[in-house]
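Enquirer: Once you've had a glance at the structure underneath, I'll fire off some questions.
The values are calculated or read from the model by the stated rules, or taken from the named source; none is laboratory data. This is a predicted model, so every value here is computed, not measured. Cβ placement follows ideal geometry from the backbone for every residue including glycine, while neighbour counts extend to all protein chains displayed.
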Amino acid sequence: VISLSIEGGTVLTSDPARPILDPGHVLVEGSRISAVGAGPPPSGCNPAQTIDARDKLVIPGFVNAHTHLCMTLGRSLGSDRSLLQWLTQAQLPFMASMAPEDYALAVTLGAVENLKSGNTTVCEVFFSNRYTDGADELAARALADTGIRGVFFRCSNDEEFAPGFVEGTQEIASRSRNLIATWRAHQRIRVGIGPLVPWTATDEYWADTAALARDAGVGVHLHTAETPEYNELVKSRTGRSNVEHLAHVGALGSQVMLNHCIHLARHEIDLIAEHGSPVIHDPTSNMILASGTAPVLEMREAGIVVGLACDGPACNNTQDMFEVMKNAALLHKVTTRDPEALTAADVFAMATRDGALACGLGAEVGSLAPGMLADIVLIDTMACHLRPVHDPLAALVYSARAADVDTVVVGGRIVVRARELLAIDETALLRRAQSRALELRRAAFQ
Ligand SMILES: [Zn+2]
């Protein structure tokens, strides 16, 4: 039985077999796509629900492959500083005053922004000073309740990091196991693990992480080579470069996502490629924090899968993947002075199927094709900044914005319709986030 038919729109499938269908249709049965084709759907398919997609682009939902929704309440705090200044002077002191419920509030607001922006899958790189009070369970529940799909990476460190953000090695192992067990059977939320930063994790921690990833089959997510200062911290602690250290502790491989990878030596790119680790590129965050330009072209040439991400709402400062696609294309065009360095087609693939591959969901999401999960986004093109449309792909990447997202379907269920989130009172959420964020700021910096 066809539960949903989306028809009359310009379908950008992100499926190399049939990239653009104009017009085209997408049919959904339950949680999965059953057919994608040109023109109107076959007569007699009698869908339970029909969406008229005329004047709309129809795309697979974006995979925002690295974010920190736990930091959403710190949005616009501590701007115009370097990564380590922004983190240690503004964000960590602010987060240190957060209660467990504040993490749930932050994740809810961040996930709502992601959904309304067309990001149907997020990799939440979560960290907290309130793990003792179950902040991870509360936040994972908040993420699930918004209707989004996600991998919730429970990140931690067992040596000095910031006061309150360090756990014992044994606590990390047992709490990670508990969280993985709780979410094992959930349809939309997976759990992953990893250290937040690579220089304050003991060898024992790394051994536990590798064992847990192997035994439980969960993904690992790491910040890697983000700035020269960051690399220096790894070097002074371990005597090795960042990627050499990851290889040394057994933290490279296809289920280990490496985020940023900006300041790499050539042999580190080769090490990543040899082990098959995917990389995530966050051009907006890298520019806002003045971190540098990741060698994305060299990594792609070496055969590394590179996905795209916004990074957290506190260092971007939005969850707009349209902006991230455009920034990725522009950054690499201008630094190489080659207009074909990254094309609209390249960055659209990176924001969808490459991101899905990177987070281990490549067989489930990232393109519109029969058998894939029905994570579908409709973008309204009846706007001055989008018309006329000569090239739908260029319109999507270079003209469209998150605010143009009209309808969002996750696993066959409509969660955003006419730009409104159906399940949550957005105004109440925004008011609560604003008043609570001010209280936290006063408590942290009085
Ligand atoms: Zn990050």
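Enquirer: So, Thr293, is that one away from the ligand (no atom under 16 Å from the Cβ) and either among the hydroxyl-bearing types (Ser, Thr, Tyr) or in contact with a Lys or Arg (Cβ under 9 Å, 6 or more places away or on another chain) (or both) or not?
Expert: Values: away from the ligand (no atom under 16 Å from the Cβ): yes; either among the hydroxyl-bearing types (Ser, Thr, Tyr) or in contact with a Lys or Arg (Cβ under 9 Å, 6 or more places away or on another chain) (or both): yes.
Against the criterion (away from the ligand (no atom under 16 Å from the Cβ) and either among the hydroxyl-bearing types (Ser, Thr, Tyr) or in contact with a Lys or Arg (Cβ under 9 Å, 6 or more places away or on another chain) (or both)), Thr293 qualifies.
Enquirer: Do we have any residue at all in region 72-85 that's modelled with pLDDT of 95 or more, among the acidic types (Asp, Glu), surrounded by 20 or more Cβ atoms within 10 Å (Cβ to Cβ) and away from the ligand (no atom under 16 Å from the Cβ)?
Expert: Within region 72-85 (the criterion being modelled with pLDDT of 95 or more, among the acidic types (Asp, Glu), surrounded by 20 or more Cβ atoms within 10 Å (Cβ to Cβ) and away from the ligand (no atom under 16 Å from the Cβ)), the answer is no, since none of the residues qualifies.
Enquirer: Does Asn316 qualify as being without any contact (Cβ under 8 Å) to a residue 40 or more places away in the chain, crowded, with 20+ Cβ neighbours inside 10 Å and within 19 Å of Leu196 (Cα to Cα)?
Expert: On the way: without any contact (Cβ under 8 Å) to a residue 40 or more places away in the chain: yes; crowded, with 20+ Cβ neighbours inside 10 Å: yes; within 19 Å of Leu196 (Cα to Cα): yes.
When the stated conditions are applied, Asn316 passes them.
Enquirer: Counting only residues that are crowded, with 21+ Cβ neighbours inside 10 Å and on the phi > 0 side of the Ramachandran plot, which one in region 258-280 is farthest from the ligand (Cβ to nearest atom)?
Expert: In this case the residue turns out to be Cys261.
Enquirer: Quick one: count up the residues across region 296-322 that are more than 12 Å from the ligand (Cβ to nearest atom) and either more than 25 Å from Leu396 (Cβ to Cβ) or not hydroxyl-bearing (Ser, Thr, Tyr) (or both).
Expert: 18
Enquirer: Okay, moving on. Just a yes or no: is a residue in region 310-323 modelled with pLDDT of 95 or more and more than 16 Å from the chain's Cα centre (by Cα)?
Expert: Checked against the condition, which is being modelled with pLDDT of 95 or more and more than 16 Å from the chain's Cα centre (by Cα), region 310-323 yields no hits at all.
Enquirer: Go through region 251-308 and give me each residue that's touching a Phe, Trp or Tyr at 6+ places or on another chain (Cβ under 7 Å) and free of Cβ contacts under 8 Å to residues at least 60 places away in the same chain.
Expert: Residues of region 251-308 that are touching a Phe, Trp or Tyr at 6+ places or on another chain (Cβ under 7 Å), as a first pass: 251, 289.
Answer for region 251-308, where residues must be touching a Phe, Trp or Tyr at 6+ places or on another chain (Cβ under 7 Å) and free of Cβ contacts under 8 Å to residues at least 60 places away in the same chain: just Ala251.
Enquirer: Still on this model: Tell me, which residue of region 96-134 that is within 21 Å of Pro163 (Cα to Cα) and touching a residue at least 60 places away in the same chain (Cβ under 8 Å) is nearest to the ligand (Cβ to nearest atom)?
Expert: Val125
Enquirer: How many residues are closer than 25 Å to Leu271 by Cα, out of contact with any His (no Cβ under 7 Å at 6 or more places or on another chain) and among the acidic types (Asp, Glu) if we restrict to region 282-323?
Expert: 2
Enquirer: Which residue, of Ala185, Ala139, Ala211, is aliphatic (A, V, I, L, M) and at pLDDT below 95? Give the steps one after another, and end with the answer.
Expert: Values: Ala185 fails: at pLDDT below 95; Ala139 fails: at pLDDT below 95.
After applying the criteria, what remains is Ala211.
Enquirer: Could I ask something else about it? Tell me which residues, restricted to region 294-337, are more than 24 Å from Ala400 (Cα to Cα) and of a type in the set (Ser, Thr, Tyr).
Expert: Thr336
Enquirer: Met325: surrounded by 24 or more Cβ atoms within 10 Å (Cβ to Cβ) and away from the ligand (no atom under 16 Å from the Cβ), yes or no? Steps first, please.
Expert: Details: surrounded by 24 or more Cβ atoms within 10 Å (Cβ to Cβ): yes; away from the ligand (no atom under 16 Å from the Cβ): yes.
Yes, satisfied.
Enquirer: Continuing with this model, one more query. Which residues, counting only those in region 194-237, are assigned to a helix (DSSP H, G or I), within 16 Å of the ligand (Cβ to nearest atom) and surrounded by 14 or more Cβ atoms within 10 Å (Cβ to Cβ)? Full working, then the answer.
Expert: First, pick out the residues of region 194-237 that are assigned to a helix (DSSP H, G or I): 198-200, 203-216, 228-237.
Filter again for within 16 Å of the ligand (Cβ to nearest atom), leaving 198-200, 229-231, 233-234.
Those that are assigned to a helix (DSSP H, G or I), within 16 Å of the ligand (Cβ to nearest atom) and surrounded by 14 or more Cβ atoms within 10 Å (Cβ to Cβ): Pro198, Trp199, Thr200, Tyr230, Asn231, Leu233, Val234.
Enquirer: If a residue counts only when it is aromatic (Phe, Trp, Tyr), within 16 Å of the ligand (Cβ to nearest atom) and buried (at least 23 other Cβ atoms within 10 Å of the Cβ), which strands (runs of 3 or more DSSP E) contained entirely in region 7-68 have at least 3 such residues? Working first, answer last.
Expert: Details: elements: 20-29, 32-38, 49-52, 56-60, 62-67.
Counting at least 3 such residues, we get no strands (runs of 3 or more DSSP E) at all.
A quick yes/no check of all residues on (1) modelled with pLDDT under 95; (2) part of a helix (DSSP H, G or I):
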| residue | (1), (2) |
| --- | --- |
| Leu105 | no, yes |
| Thr120 | no, no |
| Ala144 | no, yes |
| Phe153 | no, no |
| Ser156 | yes, no |
| Glu159 | yes, no |
| Leu179 | no, yes |
